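Accompanying notes for the structure given below.
Each reported figure results from applying straightforward, stated rules to the coordinates on display, with no laboratory input. From a predicted model like this one, the values you see are computed outputs, not experimental measurements. Here the Cβ positions follow ideal geometry from the backbone for every residue, glycine too, while neighbour counts run over all protein chains shown.
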Amino acid sequence: MTAEILEWYATIAGVIAALMLAGDFGRKITGFGFILFCTMNIAWILFARMDDTGGLMWQNIVLFGVNLIGVWQYLLSPKNRRKMRVVKEAVKEFEEQEARGEAAA
């Protein structure tokens, strides 16, 4: 894989992942944004090794770990998945009440 391909993949993936997180499209999209960030980190690490830029490499090694925490929190954590199930049920119940005109002001 050429350095130029890695560099452009990392750049484009980083922009898309940032939009996925900033857009507040929901937990799943945010979780997949963190996965995309992880692939971006891997691309930057490989690029940095080819380009002999140690600072860029170590920054992305650390950020890869941070992004793995994001993947865990948004997609894999059983505790957070249970919480979100309860929240979704509460939102559904509220929306049903609101549709019937029963929601409190």
Discussion item. If Rh is defined by the Kirkwood formula over all Cα pairs and Rg also comes from Cα, what ratio Rg/Rh do you get for the chain?
Written reply: 1.21
Fill in: Spacing of the two label points (7 Å from each Cα toward its C-beta) at residue 98 and residue 69, in nm
3.3 nm
Worksheet, complete the sentence: The simple spin-label model distance between residue 89 and residue 49, using points 7 Å out along Cα→Cβ, in nm, is 4.7 nm
Item to complete: Compute the separation of the alpha-carbon centres of the stretch 8-47 and the stretch 50-66 and state it in Å as a whole number.
Response: 15 Å
Discussion item. Could you sort the peptides 33-39, 48-54 by per-residue average Cβ neighbour count (10 Å cutoff), highest mean leading?
Written reply: 33-39, 48-54
Discussion item. List the lysines whose Cα sits under 17 Å from the Cα of residue 28, skipping any in the same chain fewer than 8 residues away.
Written reply: 79, 83, 88
Worksheet item: Given the rule -39500 (n - 2.57) for each run of at least 4 DSSP H residues, summed and divided by the residues of the chain, what is its mean residue ellipticity at 222 nm, to the nearest 500 deg cm²/dmol?
Response: -28000 deg cm²/dmol
